[in-house]
Amino acid sequence: MKAIALYSIKGGVGKTAAAVNLAYLSSRFFPPTLLCDLDPQGASSYYFRISASKKYNSGKFLKGNKKIYSNIKATDFDNLDLLPSDFSYRNLDIELAEEKNPQRKLKKNIEELSNDYQLLFFDSPPNLTLLSESLFAASDIILVPLIPTTLSIRTFMQLKDFFDANKLNSSKIRPFFSMVEKQKKLHRDIINEFRNTPGFLTQTIPYNSEVEKMGLYRAPINAVQPNCPASKAYLHLWEEVTKLTELQG
Amino acid sequence: MRTIPETVYFRTKSTLSPETLAQQILPAGWILTLLSSTKEQQAFYDTFEWHAFEKGVAVQKKERILFLIDINSGQKSASVSFQGNPLSFFSETLPDSLLQTKLCSLSNIRAFSRLCLLNTLTTSYRLLDQNSKTVAIIAVESIQLTGHERYQEEIHLLALTPFKGYEEDTTPIHQSLSSLEAVHSVLNFRELFLLVMKCAKQRVQGYSAKFLTKLHPDATIHESALLLLEHTFSVMLLNKNGIKKNIDSEFLHDYRVALRRTRSIMKLLMGIFNERENQYFLNLFRTLGKRTNDLRDRDVYLLRKKSYCNSLPPNLQPSLIPFFEHIAESRKVFHRRLSRYLSSSDYQVSLNEWEGFLNQQTLPDVERTHQGSRSTKSVALETIKRAWKKLLRRGRQISRETTDTELHALRIDCKKLRYLLEFFASIFQPDAIIPVIRQLKELQENLGAFVDASVQIHFLHQQLELIHSDTLFAASMGGLMVTLFQKKEEARLKFNKTFTSFDHEETSQLFHDLLTGSSL
């Protein structure tokens, strides 16, 4: 099983939209797939109309394997399951700090899932905390959506610096441009500047009102509007990701 | 481990409409939305010996896919695309897949035959909760078996499959469905499978090649021998159609084993039946057995095709193609010939005579059949002891310089003892008879390997004599004969060790325990 995190220090960059659509595409091509919603806001869970059971909370998540299994729910799409987030996840960092070897905790907790899923996607909360560190260790690839703005680039550099300072494997970090508005010169300039930077994915995700409508459809855009520009872009991004994860061939 | 919720089947008196369901079982705010409506033919497959069912697996063809389904949970464990609903197929012919590997492990020699063909009409609905989240699929299904005019009644079902994580949410639906007046039973997948098989008039696990006739130690040997012969007769009858329909080679194999066992019973238990009748039927079955030899020989060589090819270098392998084509062609001729005979009135007359003989209820004249009234136990002990001692005596005479003929003869002695042990197995304690059979089996396998290699060398040499000009073919035959000769000599060398192990104190003790009657 490969684990792919959708991660950004900054919020509102299109993490959840990418996680939901990439997980959906993964379930079509490399079933079965699990999407693990780590964000206490629970946007991924909301998009799939799923809420965690009343008994589920961050404590159970930290217990791992069996507790995780019993709380996984099927989405409306074949071979795509979801581990919903709970509002108690807002305290995950504090609880994680009390665990032994917190940086490796997430990796350990998902070990058993590898028997059942080919791919696992994490939709992560926007911050840089102990949970983020645990997420970095558990993920084979860290996809970082970047809006082509200076602020977004700055947070990306902060992430790189953090990896370097903590001697983490920065080759896992694979940024891609998201919510791109080609009519904006700034967007065009920044994309051109970073286009050939090693590690950057070539596919960009356009700003598209259909993506915003996912909140109305409450389903992946690739499932309901597969021909819209954003869906096509996610499909191409997915193809690029499969090459990274050595799933092709 | 990721679990998928089980489907529960509600057998209903008639097809339930979505309106009825909405009115009678759905909580407020929940709705059903149409997912699909399909009309198709489905089929179930298994081998004649129910290899799949024995391992808890159902083989189902639906939606142009062949599925392996865990019979107890109803979970699909493997699938592969599959066209049509053929009468039978071999696992080897399926595309490379997990399903193929799993089916081959169940059996690659036996064909998977169609058990039944079902016309199904399925309308599936999504069950949406108050958040419009799908929590289950409800399928309303009508099943009708084709080709069973007598069974006109359709099976009406409602299948409830909760989505993972929504089992608890759908429990009230399950309860409401169970209490509906229109529902007369709640089934799991296994129960549904058995219901369909019953409607299709299939006896699940109704055939086994194993010899399982239960005898009573105090019954007369005449009575027991008739039971054994009735069993072998039923095996012959059950396999006849499979031979004629050319489903797989095991039908003929089992038929021949039943014939051999029939002859063995009559030969090994001399003095039980009227001698004249005994001889008449022995001759009849010997002739019948001979009629099957040519076809069986071809079957055996065709089954060896892969191993023959693999034992030759790649550049010689193509020369075997015409060889096997020739065998396949001649097999067709022999198959037609045997099938014609099995459909003939001559064969039917023989069967009727035999059936009439088996149905004779009275003991024949005691003067002439002095053994018939003895107890099964005493005859079993005596005949097994005699056959065992004979095997030891003959085996001890065999040296490194022994001839092929002597080893052939010893193999037959082995087989006779094995048959006796199998015939009377049910009157002994399993823990006494099983180790004895195991010891004997090892010796039989060794002798079997020797004789098989010897017979093959002879056959290949005959082929060589038929074709003089093809040097590549000659080289292939030479290569195969060398390999077989090595196997034969290996078996010969191994014989002394295997026989010494059989002719050992430990084995003697096992036989002693068996024959002193303490294990009865």
Next on the checklist: Tell me yes or no: at least one residue of region B:266-278 is within 30 Å of residue B:472 (Cα to Cα) and touching a helix residue (DSSP H, G or I) at 6+ places or on another chain (Cβ under 8 Å).
Outcome noted: no
Over region B:86-135, the set of residues within 14 Å of chain A (Cβ to nearest Cβ), small (Gly, Ala, Ser) and surrounded by fewer than 15 Cβ atoms within 10 Å (Cβ to Cβ) is B:132
Residue count, region A:110-144, condition under 16 Å from the mean Cα position of the chain (by Cα) and in a helix (DSSP H, G or I), comes to 8
Picking from B:156, B:174, B:216, the residue that is more than 14 Å from every other protein chain (Cβ to nearest Cβ) and part of a loop (DSSP other than H, G, I, E, B) would be B:216
In region B:50-96, residues that are at negative phi and assigned to a loop (DSSP other than H, G, I, E, B) total 14
Here the residues within region B:1-31 that are within 14 Å of another protein chain (Cβ to nearest Cβ) and not in a loop (DSSP other than H, G, I, E, B) are B:31
Before we move on, is residue B:264 under 24 Å from the mean Cα position of the chain (by Cα), surrounded by fewer than 19 Cβ atoms within 10 Å (Cβ to Cβ) and among the hydroxyl-bearing types (Ser, Thr, Tyr)?
-> no
Reported set for region A:64-95 where residues are surrounded by fewer than 19 Cβ atoms within 10 Å (Cβ to Cβ) and not in a loop (DSSP other than H, G, I, E, B) is A:65, A:66, A:67, A:69, A:87, A:88, A:90, A:91, A:93, A:94
Restricting region A:156-168 to residues that are loosely packed, with under 11 Cβ neighbours inside 10 Å and in a helix (DSSP H, G or I), the one farthest from the chain's Cα centre (by Cα) turns out to be A:165
Verdict on residue B:439 being surrounded by 15 or more Cβ atoms within 10 Å (Cβ to Cβ), modelled with pLDDT of 90 or more, assigned to a helix (DSSP H, G or I) and not charged (D, E, K, R): no
Apart from one, (1) surrounded by 15 or more Cβ atoms within 10 Å (Cβ to Cβ); (2) part of a helix (DSSP H, G or I) all hold for residue A:171; the odd one out is (1)
Within region A:50-63, restricting to residues that are closer than 30 Å to residue A:29 by Cβ and crowded, with 18+ Cβ neighbours inside 10 Å, the one that is farthest from the other protein chains (Cβ to nearest Cβ) is A:61
Residues of region A:58-73 being under 22 Å from residue A:20 (Cα atoms) and out of contact with any Phe, Trp or Tyr (no Cβ under 8 Å at 6 or more places or on another chain), in sequence order, are A:69, A:70, A:72
**Report entry** Flag for residue A:112 being within 14 Å of chain B (Cβ to nearest Cβ) and closer than 18 Å to residue A:37 by Cα
**Finding:** yes
Of the residues in region B:177-212 that are in a helix (DSSP H, G or I) and of a type in the set (A, V, I, L, M), the one that is nearest to the other protein chains (Cβ to nearest Cβ) is B:177
Here the qualifying pairs (Cβ atoms under 6 Å; residues six or more apart or on different chains; first in region B:357-381 and more than 28 Å from residue B:515 (Cβ to Cβ) and modelled with pLDDT of 80 or more; second part of a helix (DSSP H, G or I) and not hydrophobic (A, V, I, L, M, F, W, C)) come out as B:358/B:230
Within region A:145-155, the count of residues that are in contact (Cβ under 8 Å) with a residue 60 or more places away in the chain and either on the phi > 0 side of the Ramachandran plot or not in a loop (DSSP other than H, G, I, E, B) (or both) comes to 5
Condition check: farther than 30 Å from residue B:425 by Cβ and loosely packed, with under 14 Cβ neighbours inside 10 Å. Does residue B:466 satisfy that?
yes
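The values are calculated or read from the model by the stated rules, or taken from the named source; none is laboratory data. Predicted, not measured: the structure shown is a model, and the values here were computed from it. Every residue, glycine among them, receives a Cβ derived from its backbone with ideal geometry; neighbour counts consider all protein chains shown.
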